[in-house]
Amino acid sequence: GDSVTQMEGPVTLSEEAFLTINCTYTATGYPSLFWYVQYPGEGLQLLLKATKADDKGSNKGFEATYRKETTSFHLEKGSVQVSDSAVYFCALPSGGYNKLIFGAGTRLAVHP
Amino acid sequence: ETGVTQSPTHLIKTRGQQVTLRCSSQSGHNTVSWYQQALGQGPQFIFQYYREEENGRGNFPPRFSGLQFPNYSSELNVNALELDDSALYLCASSSPSGQATDTQYFGPGTRLTVL
């Protein structure tokens, strides 16, 4: 079945460091791919998405490119801020009704 | 545009009790999905409602049930609560366009604690 695998956290970085959070997937066909972010004590917010191969989603300085060849959708940011501290989830829709399948999440902690 | 709202924010119940959680979908969205997020884990799909009918279900027992109303708001009901039901319950709304690219927008969640 469809699945998402994320790199394990926590990831701890200093402010202005470069961020990469790895995400690989297994899916039938070529589904859209999503990154959601969850700040402490809150629900999920859509961070970015890509709908087809080679698409690049971007938002708030974060980017991710849909790589069909490597079945990956890695999240990157060139310079993280303390306010980026959160849990990041990679997800894809599955089934005819587009239920989202999530990775286990990667916790990011950014220190000043 | 009003986003997805959920109530209550927090809830404490005891084993064996029943609970109802509520969700109002984002304006213009006719599909509501419910997810359970246990502590430290990713959300797990419970079920989805589209135009007042259950449209798909995850691997949850029948004591998890739901409703969708004509205004597309939704309820999640859980009977015979167990300790493992303690989790953050997330509601997400979307507006199917016939393509598999529909984005789901999440509410803030209801934190359920079962004692």
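Values in this text are rule-based calculations from the coordinates and carry no lab data. Note that the coordinates shown come from a computational prediction; the quantities given were computed from them, not determined experimentally. Here the Cβ is made from the backbone with ideal geometry for all residues, glycine too, and neighbour counts use every protein chain on show.
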note = Scan of chain B for trypsin sites (Lys or Arg not before Pro) in DSSP loops with at most 12 other beta-carbon atoms within 10 Å gives a longest site-free stretch of B:52-115
query = Among all lysine pairs in the stretch A:1-84 that are eight or more places apart or on different chains, how many have alpha carbons less than 20 angstrom apart?
reply = 7
ask   = So which chymotrypsin sites (Phe, Trp or Tyr not before Pro) in the stretch A:1-49 pass both tests, a DSSP loop state and at most 16 other Cβ atoms within 10 Å of the Cβ?
value = A:Phe18
inquiry  = Defining a contact as two alpha carbons under 8 Å apart and six or more residues distant in sequence, what relative contact order in percent does chain B show?
reply    = 36
message = Please list log₁₀ I(q)/I(0) at q = 0.19, 0.20 Å⁻¹ for chain B, using the Debye equation with identical point scatterers on the alpha-carbon positions.
response = -0.95, -1.05
query = For the stretch B:1-109, which chymotrypsin sites (Phe, Trp or Tyr not before Pro) are both in a DSSP coil and crowded by at most 11 other Cβ atoms within 10 Å?
reply = none
